[in-house]
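K.L.:
Supplied in structure tokens, the structure appears directly below.
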Amino acid sequence: MVEKISEVEEIIKILNEDFVRELEATMIYVRNAFIMDQCDPSRVTEDIAVDEMRHMNWLADLIVKRGGKPRMVHKELDFGGEDLKSQLEWQIALETEGIESYKQQIDAIDDAEVVGVLKHIVDEEKRHRKEFSMRLERIKE
Ligand SMILES: [Fe+2]
Ligand SMILES: [Fe+2]
């Protein structure tokens with residue numbers, strides 16, 4: 001059997017990587033919601049930005065409880081292009097990246113509280129991906 005990750009420092013490091021990804025998603029979605037010229041995808045993107053900020057809060061809570069501090073250092077943001085289609089495609093890709101990372105972590109981490117929160121987050125990311133995909137399908141019609 002593969003050994004699970006139980007060392008607290010290692011768990012804090014992983015949670016901080018998640019935290020930064022949520023921070024980046026929050027900022028990208030807030031910005032794109034203003035840029036999008038169609039009302040419905042813009043509103044959906046804005047609502048989902050709020051979900052991503054809640055994910056930041058949940059992760060920060062787990063980090064602080066374990067003696068860490070949330071990192072606010074993010075990479076240069078990629079907003080996914082100038083038109084609605086490319087922005088939605090990029091947002092779908094970001095959700096997929098998050099889902100894949102969270103799934104791996106859920107399997108690897110030996111901390112019931114952390115795994116519980118990550119499972120909740122991954123369910124929401126799947127819903128986000130579906131919401132963005134529906135908007136993408138609509139503009140292709
Ligand atoms: Fe998220
Ligand atoms: Fe999401």
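K.L.:
Test Lys75 against the stated conditions and say whether it is modelled with pLDDT under 95, out of contact with any strand residue (DSSP E or B) (no Cβ under 7 Å at 6 or more places or on another chain), away from ligand 2 (no atom under 16 Å from the Cβ) and not small (Gly, Ala, Ser). Talk me through it step by step, then tell me what you get.
P.N.:
Details: modelled with pLDDT under 95: yes; out of contact with any strand residue (DSSP E or B) (no Cβ under 7 Å at 6 or more places or on another chain): yes; away from ligand 2 (no atom under 16 Å from the Cβ): yes; not small (Gly, Ala, Ser): yes.
Criteria met by Lys75.
K.L.:
Something else now. Only one of Asp51, Asp61, Asp37 is modelled with pLDDT under 95 and acidic (Asp, Glu). Can you tell me which?
P.N.:
Asp37
Rundown of residues vs (1) in contact with a Phe, Trp or Tyr (Cβ under 8 Å, 6 or more places away or on another chain); (2) of a type in the set (Val, Ile, Thr); (3) more than 26 Å from Ser133 (Cα to Cα), yes/no style:
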| position | (1), (2), (3) |
| --- | --- |
| Thr45 | yes, yes, no |
| Asp61 | no, no, yes |
| Lys65 | no, no, yes |
| Gly68 | no, no, yes |
| Met72 | no, no, yes |
| Glu76 | no, no, no |
| Ser86 | no, no, no |
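K.L.:
Still on this structure: Going through the stretch 40-60 one residue at a time, which ones are more than 14 Å from ligand 1 (Cβ to nearest atom) and free of Cβ contacts under 8 Å to residues at least 24 places away in the same chain?
P.N.:
Keep residues of the stretch 40-60 that are more than 14 Å from ligand 1 (Cβ to nearest atom), which gives 40-44, 46.
Those that are more than 14 Å from ligand 1 (Cβ to nearest atom) and free of Cβ contacts under 8 Å to residues at least 24 places away in the same chain: Ser42, Arg43, Glu46.
K.L.:
Could you list, in sequence order, all residues of the stretch 109-126 that are more than 13 Å from ligand 1 (Cβ to nearest atom) and in contact (Cβ under 8 Å) with a residue 60 or more places away in the chain?
P.N.:
Result: Ile109, Asp110, Asp111, Val114.
K.L.:
Pull up the stretch 1-27, narrow it to residues that are among the β-branched types (Val, Ile, Thr) and exposed (fewer than 14 other Cβ atoms within 10 Å of the Cβ), then point me to the one that is farthest from the chain's Cα centre (by Cα).
P.N.:
Here the residue is Val2.
K.L.:
A further question follows. Can you name the condition, by its number, that Ile106 falls short on among (1) β-branched (Val, Ile, Thr); (2) in contact (Cβ under 8 Å) with a residue 24 or more places away in the chain; (3) within 26 Å of Ile5 (Cβ to Cβ)?
P.N.:
In the conditions (1) β-branched (Val, Ile, Thr); (2) in contact (Cβ under 8 Å) with a residue 24 or more places away in the chain; (3) within 26 Å of Ile5 (Cβ to Cβ), Ile106 misses (2) alone.
K.L.:
What residue, of Glu97, Glu24, Glu113, is more than 16 Å from ligand 2 (Cβ to nearest atom) and out of contact with any Phe, Trp or Tyr (no Cβ under 9 Å at 6 or more places or on another chain)?
P.N.:
Glu113
The values are calculated or read from the model by the stated rules, or taken from the named source; none is laboratory data. What you are looking at is a predicted structure, and each value in this text was computed from that prediction instead of being measured. Heads up, the Cβs are rebuilt from the backbone with ideal geometry, glycines too, and the neighbour counts pull from every protein chain shown.
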